[in-house]
């Protein structure tokens, strides 16, 4: 067995540390070593997007990265979105627009959508659909998810214009 | 599944990385963005003795315009290319091709050098390098060498890079101002590998074609430069008949295989369709239109 390595990183604003084999995937490290099971493991080869997290603010597949590669990085998982028991506006929009059914893809959907909205503040519906293709929903609930993302865009615009 | 055990190294310099490759004598794999390598590890299709991670080596990610070329460090992320102003302004073909590489979360990690060294014949960057007559720079303990696209790609997932060699830079010649371009791809879903894709660059002089560059992805074991189709345009101009003849010739120049995604026959058909489409779009842009 390969020697274990120490991984130190910031997850959802907290300094965390663990020891693991170098072959441990980031998603397994988050779930098994740090107890953060909100990030889901789906296909384990980068297709389904269920394991999407933010790495230094940008969406990545946590199954296509080794935990040791995230040493020193800042990670945001779905557990880090709500503040003081209040849902993040995008989570709220998912809730209101029935954008989840079984919920398995939801953490990945939320984090992929957050990164997309950071880089595309005023997206068209086609752009939203293209971006959400990064995460697979097997309940085929895409319509609600698209509507939730559109609602989040509108809510943010309304917030900015002071309404 | 989970990756098999390996020794992990994250060298802080190229010299150190090269020394590691020598030490493992071909049993180590280089880890760039990991978006192709890590799935292969997870499936246990690869069992390298060691991974040499390039991500902690400074100075391997940059985008510069230099001597009529766009020069990119091998570890430049696809995401950085997608949002680069100089890429969008000077080589919009690269911007368009990049947006077809996987999805944004894949492009966050994936690198241009990694994609070229992985050499998937259905991937966008190998076809782009081929169409633009680009080259890559590789270093080894024996020194540096420059490889043209045609020298780099050998067959499926195989390049002529040695096991002690690291691809460090990608050089893409900039088409002259006014040249038209297009990257046309067909895939079942956005973000999938292309079933077939065609990159085109066209320099026109009225109805004459000064220079055409065409390359296909997904149509054989390596990206295919469609030279004889280019020659038809350069000889016969850019009229309807020449466009159709070039597209028909393109389909004869590729030797695709059948797989679970598409038959060889269908890929051949797509090569003609996408060549014609790419040429028309490139011509519209060469006229100053948006295509």
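Structure above, values below:
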{"item": "From the C-alpha gyration tensor of the range A:89-160, square roots of 5λ in Å", "result": "18, 13, 10"}
{"item": "Estimated [θ] at 222 nm from DSSP helical runs (n ≥ 4, -39500 (n - 2.57)) normalised by residues in chain B, nearest 500", "result": "-10500 deg cm²/dmol"}
{"item": "Which of A:10, B:159 has the fewest Cβ neighbours within 10 Å, and the rest in rising order", "result": "A:10, B:159"}
{"item": "Shielding score for B:105-113, defined as the mean number of other chain Cβ atoms within 10 Å", "result": "6"}
{"item": "Net length gained if the chain between residue B:133 and residue B:62 were fully extended (0.36 nm per residue, minus Cα distance)", "result": "23.5 nm"}
{"item": "Averaged over B:35-45, number of beta-carbon atoms from partner chains that fall within 10 Å", "result": "4"}
{"item": "Calculated FRET value between residue B:258 and residue A:41, using beta carbons and R₀ = 45 Å, to 0.05", "result": "0.85"}
{"item": "Per-residue Cβ neighbour rank within 10 angstrom, fewest leading, A:138, B:189, A:61, B:77", "result": "B:189, A:138, B:77, A:61"}
{"item": "Ranked B:276, B:184, criterion: other C-beta atoms within 10 Å, fewest first", "result": "B:276, B:184"}
{"item": "Nearest-ten-degree value, helix A:106-119 long axis tilted from longest Cα axis of chain A", "result": "70"}
{"item": "The range B:54-71-the range B:107-126 distance, computed between alpha-carbon centres (Å)", "result": "16"}
{"item": "The protein assembly as shown - Kirkwood radius from inverse mean 1/r over Cα pairs (Å)", "result": "23.2"}
{"item": "Number of partner chain Cβ atoms within 10 Å, mean per residue of A:62-69", "result": "6"}
{"item": "Cα long-axis angle, helix B:14-24 against chain B (0 to 90 degrees, to the nearest 10)", "result": "70"}
{"item": "Kirkwood hydrodynamic radius of the range B:152-291, Cα pairs, Å", "result": "15.8"}
{"item": "Percent RCO, i.e. relative contact order, over chain A, from Cα pairs under 8 Å lying at least 6 residues apart", "result": "22"}
{"item": "Structure-based [θ]222 nm, chain A - -39500 (n - 2.57) summed over DSSP H runs of at least 4, per residue, nearest 500", "result": "-9500 deg cm²/dmol"}
{"item": "Chain A: angle of helix A:142-160 to the longest principal axis, Cα-based, in degrees nearest 10", "result": "80"}
{"item": "Globularity ratio of chain B, using Cα Rg and 2.2 N^0.38 Å", "result": "1.01"}
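Values quoted throughout were computed directly from the atomic coordinates according to the rules given, and no laboratory measurement underlies them. A quick note: this is a predicted structure, and the numbers were derived from the prediction, not measured. Methodologically, a virtual Cβ is constructed for each residue, glycine included, from the backbone with ideal geometry; neighbour enumeration extends over all protein chains shown.
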